[in-house]
Amino acid sequence: MRVPKTPTYRVVSNPVSASPAEPGGLTVLFAGESQTRPEHRVGPKVVDYYLLHHVISGKGVFAAGELRAELRAGHSFLIHPGRLVSYASDAEEPWRYRWVAFTGRQADSLVAEAGLCGELPVVDTGGARGPAELCKSIFEAFRTRKRSSSLEAAGHLHLLLAALQEAATEARPAALRPDSHAEELVRQVVGYLSTQYAEPVTIETMAEALGYSRAYLSRVFKRHTGMTPVAFLTQARVDHGRRLLRERPELTVEQIASSVGFRDGLYFSKQFRRHYGESPTEYRHSVAQTNAPQRRL
């Protein structure tokens with residue numbers, strides 16, 4: 001005979017949260033956990049924030065629009081703001097779950113990246129313990145009532161959404177077109193070099209970080225862009241140097257060269273002339289002349 005579990009309910013609010021009407025980038029509003037009663041029902045109802053539940057044990061049903069999903073341990077379900085939903089625990093094995101409510105300007109995009117769209121706001125994380133532990137970490141952060149509680153909770157929420165994104169990706173892998181792998185690789189290379197240009201990056205270290213050989217990465221990149229990764233990196237460095245020449249007149253050419261990843265100011269000048277047909281000093285002078293106020297005759 002199954003022994004019924006004692007119902008529990010605990011919730012704690014963000015001690016320094018902003019008003020839901022005036023959210024910041026991402027704010028966790030409150031978090032909680034509960035061992036529900038058999039056939040515990042919520043809704044139909046709407047809320048004006050995101051409300052994420054993660055099931056630890058038991059069974060139940062979640063309904064939103066045309067969706068009706070039977071959920072068990074390992075499932076997470078997300079209630080979107082303004083959407084009519086209802087959910088109920090099983091009569092024999094009622095849910096135990098944790099929940100996190102959040103809002104903010106970044107919330108929509110983060111939810112979309114995590115794969116919790118309005119049409120299918122459910123993810124099966126299987127036996128992974130991470131989501132449940134991260135929900136608990138948010139709960140515990142608020143219990144401390146520290147000044148840093150809100151920031152700490154937002155950090156845990158980012159990790160929680162990342163874990164759900166990983167689970168959603170594994171459960172619903174995208175069907176790749178023959179060329180889509182190469183396009184994604186090119187996108188990764190562009191992103192890597194566009195952010196790391198000021199560092200002593202090499203194509204070898206980038207290839208290792210992305211998990212490919214230098215030869216394969218260079219071949220794919222050149223086929224799709226018409227230039228090698230080395231040429232792209234040099235172009236990025238020279239372009240950023242050109243911007244600094246315009247915007248930071250107090251910096252020397254050598255300082256700008258160092259700021260955009262060139263160890264040698266002379267080499268920067270050589271590459272700058274090759275790309276733009278004049279030296280950095282000549283370019284800076286022409287910009288100054290153009291921006292100088294015109295004298296009245």
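Data for the structure
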| item | result |
| --- | --- |
| Some residue of the stretch 152-174 being in contact with a Lys or Arg (Cβ under 8 Å, 6 or more places away or on another chain) and either assigned to a helix (DSSP H, G or I) or not basic (Lys, Arg) (or both) | yes |
| In the stretch 286-297, residue modelled with the lowest pLDDT [restricted to those that are of a type outside the set (Val, Ile, Thr) and within 42 Å of the chain's Cα centre (by Cα)] | 291 |
| Members of the stretch 228-241 that are open to solvent by less than 60 Å² (accessible area, probe 1.4 Å) and among the aliphatic types (A, V, I, L, M) | 231, 233, 236, 238 |
| Residues being basic (Lys, Arg) and either surrounded by 15 or more Cβ atoms within 10 Å (Cβ to Cβ) or in contact with a strand residue (DSSP E or B) (Cβ under 7 Å, 6 or more places away or on another chain) (or both) - total across the stretch 207-223 | 2 |
| Flag if residue 259 is in contact (Cβ under 8 Å) with a residue 40 or more places away in the chain, surrounded by 15 or more Cβ atoms within 10 Å (Cβ to Cβ) and out of contact with any Pro (no Cβ under 6 Å at 6 or more places or on another chain) | yes |
| Candidates 204, 247, filtered to the one that is out of contact with any His (no Cβ under 6 Å at 6 or more places or on another chain), under 30 Å from residue 291 (Cα atoms) and surrounded by fewer than 13 Cβ atoms within 10 Å (Cβ to Cβ) | 247 |
| So residue 142, is it open to solvent by less than 20 Å² (accessible area, probe 1.4 Å), part of a strand (DSSP E or B) and either at pLDDT below 95 or touching a strand residue (DSSP E or B) at 6+ places or on another chain (Cβ under 9 Å) (or both) | no |
| Top-ranked residue of the stretch 29-62 - restricted to ones that are part of a loop (DSSP other than H, G, I, E, B) and of a type in the set (Val, Ile, Thr), ranked as surrounded by the most Cβ atoms within 10 Å (Cβ to Cβ) | 36 |
| Meets criteria (of a type outside the set (A, V, I, L, M) and surrounded by fewer than 18 Cβ atoms within 10 Å (Cβ to Cβ)) for residue 65 | yes |
| Matching strands (runs of 3 or more DSSP E) fully within the stretch 71-131 where at least 2 residues are crowded, with 19+ Cβ neighbours inside 10 Å and within 18 Å of the chain's Cα centre (by Cα) | 96-103 |
| Every residue from the stretch 203-253 that is of a type in the set (Asp, Glu) and within 14 Å of residue 192 (Cβ to Cβ) | 204, 208 |
| Tabulated pairs, the stretch 109-135, first at negative phi and touching a residue at least 40 places away in the same chain (Cβ under 8 Å), second among the small types (Gly, Ala, Ser) and loosely packed, with under 13 Cβ neighbours inside 10 Å, C-beta under 7 angstrom, 6+ apart or interchain | none |
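The values are calculated or read from the model by the stated rules, or taken from the named source; none is laboratory data. For clarity, every value in this text was computed on a predicted model and none was experimentally measured. We place every Cβ from the backbone using ideal geometry, glycine too, and count neighbours over all the protein chains shown. These accessible areas exclude ligands, DNA and RNA; they are computed on the full protein's heavy atoms, side chains included. Shrake-Rupley method; radii C 1.70, N 1.55, O 1.52, S 1.80 Å.
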